[in-house]
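Take a look at the structure set out below.
Quick note: the coordinates plus some simple rules give every number you see, no bench work behind them. Since this is a predicted model, take the numbers as computed values, not measurements. Here the Cβ is made from the backbone with ideal geometry for all residues, glycine too, and neighbour counts use every protein chain on show.
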Amino acid sequence: MTVEYGTCPVCNGSGRVTPNPEQQKYKHVYSGYDKDTDTLGCSNCGGQYMFGTPRGKVRLNAQGDPCTHHYQSSNAGRCLTNYDCVHCGDRYQIDSGD
């Protein structure tokens, strides 16, 4: 099975997004914040993965459109959490450590 990708609908392929109102106060301490452009790395096309960087491309959902991910989490161990997108099947794990 071949996985198809399209341009990320959140960042329009740039890999960068404007901080939302909740992030404004502490944006300068977020990983990947760029002071010159006042943007953060996109957490829809790669920034959500552990040690990931935004790529500007995402999997296509069941309708064939680039996915705006909605992840459901499940506990996979003491400090390990699985995240699965309900729309396209994208998945990743985060190990938060002890």
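Database note for the chain: Cys without another Cys beta carbon under 4.7 angstrom, CYS79, CYS85. Among GLY46, GLY15, GLY64, the largest mean-square fluctuation in a Gaussian network model of the chain (Cα springs under 10 Å) belongs to GLY64.
Dipole of segment 6-87, Cα-centred, from +1 at each Lys and Arg C-beta and -1 at each Asp and Glu C-beta, to the nearest 20 debye? Mind showing how you got there, number by number?
Details: 8 positive and 6 negative charges, 32 e Å.
Here segment 6-87 has a charge dipole of around 160 debye.
Please compute the contact order of the chain in relative form: average sequence separation of alpha-carbon pairs under 8 Å and at least six residues apart, divided by the residue count, as a percent. Provide the component values of the computation, followed by the final result.
On the way: 172 pairs, mean separation 24.1, N = 98.
Relative contact order, the chain: 25 percent.
Taking 15 Å as the straight-line reach from the Cα of LYS27, the aspartates and glutamates in range (excluding those fewer than 8 positions away in the same chain) are ASP36, ASP38.
Take every Cα-Cα pair in segment 7-95 and report what % of them are more than 20 Å apart. Value for segment 7-95 (Cα pairs over 20 Å): 40 percent.
If you keep only loop residues by DSSP, which chymotrypsin sites (Phe, Trp or Tyr not before Pro) in segment 12-72 have at most 15 other Cβ atoms within 10 Å of their Cβ? Provide the component values of the computation, followed by the final result.
On the way: sites: TYR26, TYR30, TYR33, TYR49, PHE51, TYR71; in loops: TYR26, TYR30, TYR33, TYR49, PHE51.
The qualifying sites are TYR26, TYR30, PHE51.
Look at the dipole of segment 1-55 built from charges on Cβ: of GLY6, PRO21, GLN48, the Cα furthest out on the positive end belongs to PRO21.
Based only on other Cβ atoms within 10 Å, what is the fewest-to-most ordering of VAL86, VAL58, VAL3? Please report the intermediate quantities before stating the final value.
On the way: VAL86 12, VAL58 28, VAL3 9.
The order, fewest Cβ neighbours first, is VAL3, VAL86, VAL58.
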